[in-house]
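Notes for the one structure printed next.
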Amino acid sequence: MADPAPRAPSTRRRTMAEHLEDVLALVAPAPVADLGLDDAVGGVLAADVASLLDSPAFDASAMDGYAVRSADLSGATPGAPVTLRLVADVPAGGNLGDGPSPRVGPGEAARIMTGAPVPAGADVVVPVEETSTGRFVAGGPRGATVTLPVGRSTTPRRAHVRRRAEDVRRGDVVLAAGSTLTARHVSVAASAGYATLPVHRRPRVAVLSTGSELVPAGEVPGPGCLPDSNSVLLAAAAREAGAVVVRRGGVGDTVAELAAALDDVLGAAWPDDAGSAAARPDLVVTTGGVSAGAFDVARELLGSAPDAPDAPDASDALDVPDPLAPGRSTGPAAGAVTDARVVAVGMQPGKPQGLARWRGVPWLALPGNPVSAFVSFELFVRPAIDRLRGVREPRRTLVTRAAGEGWASPVGREQLVLVRHTGLDDARVVPAGRHGDGGGPGSGSHRLSALVHADAVAVVPADVTAVVPGDSLQVFLLD
Ligand SMILES: Nc1nc2c(c(=O)[nH]1)N[C@H]1C(S)=C(S)[C@@H](COP(=O)(O)OP(=O)(O)OC[C@H]3O[C@@H](n4cnc5c(N)ncnc54)[C@H](O)[C@@H]3O)O[C@H]1N2
Ligand code: MOO
């Protein structure tokens with residue numbers, strides 16, 4: 001049998017949509033736990049919730065007043081009222097004692113408060129202000145009769161009775177699986193008889209930034225150094241997206257240091273975990289070191305190398321042996337990296353992207369430029385976190401806006417432009433931050449000013465080379 005032909009190095013070029021599918025395939029929803037209603041808010045419900053109770057649970061008064069038989073009121077007017085005998089007093093809470101349930105017969109009335117069960121026989125509640133009582137005072141009923149109707153009312157137009165189960169019937173599904181729980185959801189759960197809900201536990205996300213040039217936030221950078229802003233950005237963004245986060249900044253640019261840092265976060269203590277040694281992150285996110293530099297350590301650890309030294313754009317020509325390249329299989333990462341890929345995604349910024357498993361834990365390696373890291377978070381990491389949280393369809397909603405300015409866009413790559421609404425006209429957006437050197441917004445993946453001024457991200461299709469004022473743009477809004 002002939003030797004198999006040597007495998008030609010394949011170029012992994014992916015569209016954003018394809019890369020997102022690859023990312024989502026790497027992660028699965030986090031395990032489900034029953035959480036108390038206070039802690040469940042923000043989580044994603046893992047199962048439909050059917051009400052254990054009718055709501056209202058009984059025919060209840062909607063007014064403070066008198067429960068009567070409507071037949072007794074027929075023909076009664078403020079000019080010719082009827083007088084009924086008081087036979088019961090029904091406060092809210094059904095504090096009725098052990099005696100027989102009250103009953104309202106012909107010619108009788110029961111004093112009743114809002115939310116209290118309407119006594120048998122009565123089918124109408126007349127508000128107190130439409131009766132001879134006028135208003136209730138604290139304590140028991142005064143007098144043995146009530147005369148009604150009085151005032152502006154004739155016979156009651158509304159029964160003022162909330163019917164049993166008119167809102168929710170026992171067994172009705174009141175909360176759907178996949179819902180992100182808000183205060184409103186947990187209040188409905190409480191009304192439906194639940195004290196806990198099955199919720200996917202919060203994803204545990206470890207954030208690492210690589211780069212020997214990085215100093216921790218607040219330290220004065222030495223020559224050639226700069227503050228580590230990416231790990232701060234990604235950790236905060238992951239937290240905002242619903243994750244529990246462990247952050248390690250400024251990991252040195254050697255394979256041994258990155259491997260050690262990745263192992264370190266695998267053993268990290270998690271704030272949501274009562275010290276169980278088994279807790280591991282659900283996702284590791286790194287930034288930096290995925291392109292073609294001599295110290296691009298994430299890429300090296302992912303086992304990649306530019307396969308052609310003269311490749312015009314190294315990250316367009318990537319083929320990652322999987323598992324690690326033979327030469328590295330005895331290094332610090334021996335056997336640790338699986339499913340590794342470094343890909344050139346047809347997007348700007350954010351082109352070089354890595355993904356793999358580190359000792360089985362999903363690992364997304366994002367580019368180091370701050371805007372690239374941010375855009376990569378929004379496009380890939382947030383959906384991954386959503387999937388871990390149990391969100392059924394982790395997708396961004398795009399809305400249409402008009403371009404308030406023109407700019408150039410690279411051919412063959414979708415362009416992600418941090419934009420802001422003009423304020424004058426909410427339907428128009430312009431690039432955010434400073435981009436006045438002729439490079440346009442597309443060349444600004446290092447520009448921090450855009451990050452704070454942006455309130456949306458425009459997604460310019462790959463075949464568009466120039467955006468002109470008035471063009472219709474698809475944008476997703478930033479929270
Ligand atoms: N020869 C090539 N060079 C580059 C290519 C390419 O295809 N061929 N791609 C470029 C693109 S596109 C991007 S994006 C960057 C991605 O580079 P890395 O992921 O390797 O990132 P670094 O080189 O580590 O850093 C880039 C830049 O960002 C700064 N940085 C890094 N980490 C942080 C941080 N935690 N906080 C703040 N700033 C950070 C870093 O100092 C660099 O200035 O590669 C291009 N090069
Ligand atoms: O793709 Mo890089 O992210 O253009 O700056």
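Scanning the stretch 196-245 for residues that are of a type in the set (Gly, Ala, Ser) and touching a strand residue (DSSP E or B) at 6+ places or on another chain (Cβ under 6 Å) yields Ala206, Ser209, Ala217, Ser231, Ala235, Ala238, Ala243.
A quick yes/no check of all residues on (1) more than 12 Å from ligand 1 (Cβ to nearest atom); (2) acidic (Asp, Glu); (3) under 30 Å from Asp48 (Cα atoms):
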position: Gly350; (1), (2), (3): no, no, no
position: Leu355; (1), (2), (3): yes, no, no
position: Asn369; (1), (2), (3): no, no, no
position: Arg382; (1), (2), (3): yes, no, yes
position: Pro394; (1), (2), (3): yes, no, yes
position: Ala408; (1), (2), (3): yes, no, no
position: Arg413; (1), (2), (3): no, no, no
position: Arg420; (1), (2), (3): yes, no, no
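Could you tell me whether the stretch 333-353 includes any residue that is at pLDDT 50 or above, of a type in the set (Val, Ile, Thr), open to solvent by 40 Å² or more (accessible area, probe 1.4 Å) and touching a Pro at 6+ places or on another chain (Cβ under 7 Å)? For the stretch 333-353, residues at pLDDT 50 or above, of a type in the set (Val, Ile, Thr), open to solvent by 40 Å² or more (accessible area, probe 1.4 Å) and touching a Pro at 6+ places or on another chain (Cβ under 7 Å): present.
Filter the stretch 348-377 for residues that are assigned to a strand (DSSP E or B) and near ligand 2 (Cβ under 7 Å from one of its atoms) and give the result. Before the answer, list the steps.
Restricting attention to the stretch 348-377, the residues satisfying the condition of being assigned to a strand (DSSP E or B) are 348, 352-358, 361-366.
Gln348, Pro352 - these are the residues of the stretch 348-377 that are assigned to a strand (DSSP E or B) and near ligand 2 (Cβ under 7 Å from one of its atoms).
Considering Ser315, Ser304, Ser329, the condition of being modelled with pLDDT under 90 and either within 15 Å of ligand 2 (Cβ to nearest atom) or touching a Lys or Arg at 6+ places or on another chain (Cβ under 7 Å) (or both) is satisfied by Ser315 alone. Restricting attention to the stretch 208-246, report how many residues are assigned to a strand (DSSP E or B) and either open to solvent by less than 10 Å² (accessible area, probe 1.4 Å) or within 13 Å of ligand 1 (Cβ to nearest atom) (or both). Residues flagged as assigned to a strand (DSSP E or B) and either open to solvent by less than 10 Å² (accessible area, probe 1.4 Å) or within 13 Å of ligand 1 (Cβ to nearest atom) (or both) within the stretch 208-246 amount to 7. Among the residues of the stretch 23-76, the ones that are hydrophobic (A, V, I, L, M, F, W, C), within 27 Å of Gly360 (Cβ to Cβ) and part of a strand (DSSP E or B) come to 4 in all.
Rundown of residues vs (1) at pLDDT 95 or above; (2) at negative phi; (3) surrounded by 13 or more Cβ atoms within 10 Å (Cβ to Cβ); (4) more than 42 Å from the chain's Cα centre (by Cα), yes/no style:
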| residue | (1), (2), (3), (4) |
| --- | --- |
| Val27 | yes, yes, yes, no |
| Val32 | yes, yes, yes, no |
| Pro56 | no, yes, yes, no |
| Gly94 | no, no, yes, no |
| Arg103 | no, yes, yes, yes |
| Pro106 | yes, yes, no, yes |
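When the stretch 162-193 is filtered for residues that are open to solvent by 60 Å² or more (accessible area, probe 1.4 Å) and in a loop (DSSP other than H, G, I, E, B), the ones remaining, listed by number, are Arg163, Arg164, Glu166, Asp167, Arg169, Arg170, Asp172. Candidates are the residues of the stretch 194-207 that are open to solvent by less than 50 Å² (accessible area, probe 1.4 Å) and not in a loop (DSSP other than H, G, I, E, B); the one that is farthest from Val32 (Cα to Cα) is Val207.
Taking the conditions (1) away from ligand 2 (no atom under 16 Å from the Cβ); (2) under 30 Å from Pro198 (Cα atoms); (3) of a type in the set (Val, Ile, Thr) in turn, Thr400 satisfies each one other than (2). What are the residues in the stretch 378-397 that are more than 16 Å from ligand 2 (Cβ to nearest atom), open to solvent by 10 Å² or more (accessible area, probe 1.4 Å) and within 17 Å of Thr286 (Cβ to Cβ), if any? Once the filter is applied, which keeps residues that are more than 16 Å from ligand 2 (Cβ to nearest atom), open to solvent by 10 Å² or more (accessible area, probe 1.4 Å) and within 17 Å of Thr286 (Cβ to Cβ), the stretch 378-397 yields only Arg382. Here Arg396 meets each of (1) modelled with pLDDT of 95 or more; (2) in contact with a Phe, Trp or Tyr (Cβ under 8 Å, 6 or more places away or on another chain); (3) among the basic types (Lys, Arg) with one exception, condition (1). For the stretch 357-367, which positions are in contact with a Gly (Cβ under 9 Å, 6 or more places away or on another chain) and away from ligand 1 (no atom under 15 Å from the Cβ)? Arg359, the sole residue that qualifies. Out of all the residues in the stretch 262-284, is one or more in a strand (DSSP E or B) and at pLDDT 95 or above? Within the stretch 262-284 (the criterion being in a strand (DSSP E or B) and at pLDDT 95 or above), the answer is yes, since at least one residue qualifies.
The values are calculated or read from the model by the stated rules, or taken from the named source; none is laboratory data. Quick caveat: nothing in here was measured; it's all calculated off a predicted structure. Methodologically, a virtual Cβ is constructed for each residue, glycine included, from the backbone with ideal geometry; neighbour enumeration extends over all protein chains shown. For the accessible areas, the whole protein counts, side chains as well, though only heavy atoms, and no ligand, DNA or RNA atoms are used. Shrake-Rupley method; radii C 1.70, N 1.55, O 1.52, S 1.80 Å.
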